[in-house]
Amino acid sequence: MALTALRRPTPLIAWPLEIAETVAEMRRIRRHLDGTVGFVPTMGYLHEGHLSLVRMAREANDAVVVSIFVNPTQFGPNEDFERYPRDAEVDLRLLREADVDVVFFPTVGEIYPPGYLTCVNVEDVTDRLEGACRPGHFRGVATVVAKLFNIVQPDRAYFGQKDAQQVVVIQKMVEDLNMPVEILVGETVREPDGLAMSSRNVYLSPDERVRALVLSRSLRHAQALFAAGERDAGRIRCELEARIAATPGAAIDYVSLADPRTLRELDWIADRALVSLAARFGKTRLIDNVLLG
Ligand code: AMP
């Protein structure tokens with residue numbers, strides 16, 4: 001029976017959240033979804049950033065699918081795959097409350113069964129920034145997103161501007177491989193004090209949490225400089241580096257002013273720039289960005 005024909009008969013009757021744990025189950029459910037399908041891929045431990053994307057998907061589509069999968073291939077050998085925060089119970093409650101139709105919640109073995117051999121490699125735009133600091137990261141991201149698109153077959157997929165380079169990589173993959181999915185981007189959702197929401201923020205000690213504010217403050221400073229007419233990218237980069245370097249316990253991975261499409265570093269901001277930062281606070285690595293222009 002067509003699900004959309006029966007979706008939410010009245011606002012008072014909750015439509016049950018379907019949970020697919022296998023590819024076969026997800027495909028079976030997908031075959032019964034009518035109309036447009038909006039898809040939000042996540043690694044779980046959901047916060048307002050994820051939920052803002054779910055709301056965008058809910059508003060624009062007949063059905064909404066969310067995946068929860070901590071993808072091992074996008075983590076380096078010394079990164080936090082094992083300790084990445086997980087809380088399925090809370091995630092499922094939040095997704096139910098957000099009126100999501102289907103959650104795809106596979107195991108690692110379901111996505112990468114024994115003998116798995118295939119990767120998607122987007123070149124050039126993955127060489128810089130996160131790609132340079134985390135070799136193989138975007139190969140893992142592109143591969144899992146391509147697989148998820150094939151499994152879920154969404155009409156639209158929603159990604160956060162918080163991971164700006166990821167958006168560039170996914171858009172390039174979709175364009176180059178002719179994937180029939182429209183990519184939509186949601187603004188970065190922040191805590192009231194400016195810290196970009198991230199599942200990894202729970203790693204921060206109270207001290208580190210305060211120090212981490214230097215990232216969003218530095219980005220606001222870049223916006224202020226740009227608004228005051230500054231177009232020398234090198235000068236803005238230097239000011240931001242100095243601010244972060246002056247913060248005790250902050251270790252910079254990069255401060256970048258780059259072309260928002262090619263991600264190549266800029267000397268001069270002709271029209272637009274992506275300002276992106278990555279820094280470590282203790283064992284926690286945080287990223288943040290803003291667009292200028
Ligand atoms: P993750 O679970 O970290 O893989 O994130 C899943 C999706 O949520 C990605 O598209 C992220 O860019 C997006 N996202 C994560 N944090 C935020 C945030 N603070 N604001 C908006 N989107 C976010």
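The values are calculated or read from the model by the stated rules, or taken from the named source; none is laboratory data. None of these values were measured; they are calculated from a predicted model. Don't worry about glycine lacking a Cβ; one is built from the backbone with ideal geometry, like all the others, and counts go over all protein chains shown. For accessibility, only protein heavy atoms count, side chains too; no ligands or nucleic acids. Shrake-Rupley method; radii C 1.70, N 1.55, O 1.52, S 1.80 Å.
Quick notes
- Between helix 213-227 and the chain: long-axis angle, C-alpha atoms, 0 to 90°, nearest 10: 70 degrees
- Length-normalised contact order of the stretch 180-284 in % [C-alpha pairs under 8 Å, at least 6 apart]: 26 percent
- Arg27/Asp127 FRET efficiency (R0 35 Å; Cβ-Cβ; nearest 0.05): 0.50
- Summing charges over neighbours of Phe104, with a neighbour being any other residue whose Cβ is under 9 Å away from its Cβ, gives -2 when K and R count +1 and D and E count -1.
- Global form of the stretch 173-242, assessed from the alpha-carbon gyration tensor, a/c cut-off 1.5: oblate
- Tensor-based shape of the stretch 55-191 (alpha-carbon gyration tensor, a/c under 1.5 rounded, otherwise prolate or oblate): rounded
- Spatial separation of Cα centroids for the stretch 49-65 and the stretch 192-216, in angstrom: 26 Å
- Candidates Pro180, Pro206, Gly194 compared by Cα position along the dipole of the stretch 178-248: farthest toward the positive end lies Pro206, with charges placed on Cβ.
- The chain, accessible area per residue, ligands and nucleic acids excluded (1.4 Å, Å²): 48 Å²
- Folded to 0 to 90 degrees: helix 88-97 orientation relative to the chain principal axis, Cα: 80 degrees
- Rg to Rh quotient for the chain, alpha carbon positions, Kirkwood Rh: 0.98
- Helix 137-152 axis versus longest C-alpha principal axis of the chain: approximately 20°, rounded to the nearest ten.
- Amide H contacts of Phe39: Val65, Arg156, Ala157, Tyr158, each under 5 Å away and 5 or more positions distant or on a separate chain (H built 1.01 Å from N in the peptide plane; Pro and chain starts excluded).
- Entry for the stretch 121-260 at q = 0.11, 0.13, 0.19 Å⁻¹: log10 I(q)/I(0) = -0.51, -0.71, -1.25, Debye formula applied to identical alpha-carbon scatterers, no solvent contribution.
- Relative contact order %, the stretch 162-223, counting alpha carbon pairs below 8 Å whose residues are six or more apart: 25 percent
- Each Cα pair under 8 Å and six or more residues apart adds its sequence gap; the mean of these over the residue count of the chain is a relative contact order of 16 percent.
- Across the protein chains, with a 1.4 Å probe defining accessible surface, the residues Tyr158, Tyr112 rank Tyr112, Tyr158 from largest area downward.
- For the chain, modelled as a GNM whose springs connect Cα atoms under 10 angstrom apart, the maximal fluctuation among Leu257, Leu53, Leu117 occurs at Leu117.
- Accessible area (Å², 1.4 Å probe, nearest 10) - Leu215: 10 Å²
- Leu177, Leu240, ranked by accessible area, largest first (probe 1.4 Å): Leu177, Leu240
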